[in-house]
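Visitor: Take this structure, written in structure tokens, and hold onto it; I'll ask about it next.
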Amino acid sequence: MADLRAALGHALEPAYRVEREVRPVGNCRMFVALEKSAGGGLLVKVLPGALSLAVDSTRFEQEIARLGRRLRHPSLVAPRTAGRVGSFVYHTRTFVEGTTLRAWLARHGELPLRRAVEVLRDVKPENVLLADGQALVADAGILGALVPALTGDGGGAATAALCAADYLAPERRAGQPAPATRDDMFAVGVLVHEMLTGRPPAGNPEPLEEVRSVPDWLAELGRRCRAAEPSARWADAGSALASGSWPSGGG
């Protein structure tokens, strides 16, 4: 499409005006749109062209609407809408002033221990927004909303387009089926390592406790979440909390 920004502007009129394009996340282009009356903003994420062509946009809109109704936690930035402009499919969420954890790590390196514990609530730094002293999670559940809307066998393409490779569990990278929650627990382990060292683990990294001083429970959390075998990870965050290995208060 010759002018994607202009096409998005037409799709979001009359309520919103597309103000600018911002740094992309992976293969997805990103735009900020401002509300003409109240001044609030939207973050518009456009799926890559090849993936967009494989999406039933009407079904995707329905799945996004359902997801938005379901995500009501104050630390979650729920999706707002979805649609199609020409050959591209997009979805939106509220625009949050601040920075992503990814950008913070790129500028400053490792995160202070206390702050790292506070933001352990998502699966990759691009989705953790640091704003006004809070850690907010964006794009939770988007992949799950997209897959049912695919018109063919495009689950692998969707995963590759929307998921950071470092955060994919080994079985997912190998194309094997696995419970999504154990995928998420692997990503939590990667996030722990990256927040506390400034980079994702690669190969067979040194144990976290040998890199810097961390509580035993946090070292164990990172180690067990990144276990190669899905059955060796906790089934979900609730199981980790119940085991006493992940303090619920974030301290």
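The values are calculated or read from the model by the stated rules, or taken from the named source; none is laboratory data. Everything numeric here is computed off the predicted structure, so don't read it as measured data. Methodologically, a virtual Cβ is constructed for each residue, glycine included, from the backbone with ideal geometry; neighbour enumeration extends over all protein chains shown. Heads up: the accessible areas ignore ligands, DNA and RNA and are worked out on the full protein's heavy atoms, side chains in. Shrake-Rupley method; radii C 1.70, N 1.55, O 1.52, S 1.80 Å.
Visitor: Could you compute the net charge surrounding Gly198? Neighbours are other residues with a C-beta less than 14 Å from the C-beta of Gly198; K and R count +1, D and E count -1. Intermediate results must be reported in sequence, preceding the final value.
Guide: Numbers: positive: Arg102, Arg107, Arg115, Arg199, Arg212; negative: Glu110, Asp166, Glu194, Glu206.
That works out to +1.
Visitor: Counting alpha carbon pairs within less than 8 Å and at least 6 residues apart, what relative contact order, in whole percent, applies to region 56-114?
Guide: That works out to 25 percent.
Visitor: Additional query: In a Debye calculation with equal point scatterers on the alpha-carbon sites of region 60-114 and no solvent, what is log10 I(q)/I(0) at q = 0.21 Å⁻¹?
Guide: -0.86
Visitor: Testing the spin-label approximation: label points 7 Å from Cα along Cα→Cβ at Ala38 and Asn204. State their distance in nm.
Guide: 5.5
Visitor: Given R₀ = 45 Å, FRET efficiency for Gln62-Glu229 by Cβ-Cβ distance, to 0.05?
Guide: Working: r = 36 Å, r/R0 = 0.80.
According to the calculation, E is roughly 0.80.
Visitor: Quote the accessible area belonging to His73 in square angstrom, nearest 10, computed with a 1.4 Å probe and with ligands, DNA and RNA left uncounted.
Guide: Roughly 110 Å² of His73 is accessible to a 1.4 Å probe.
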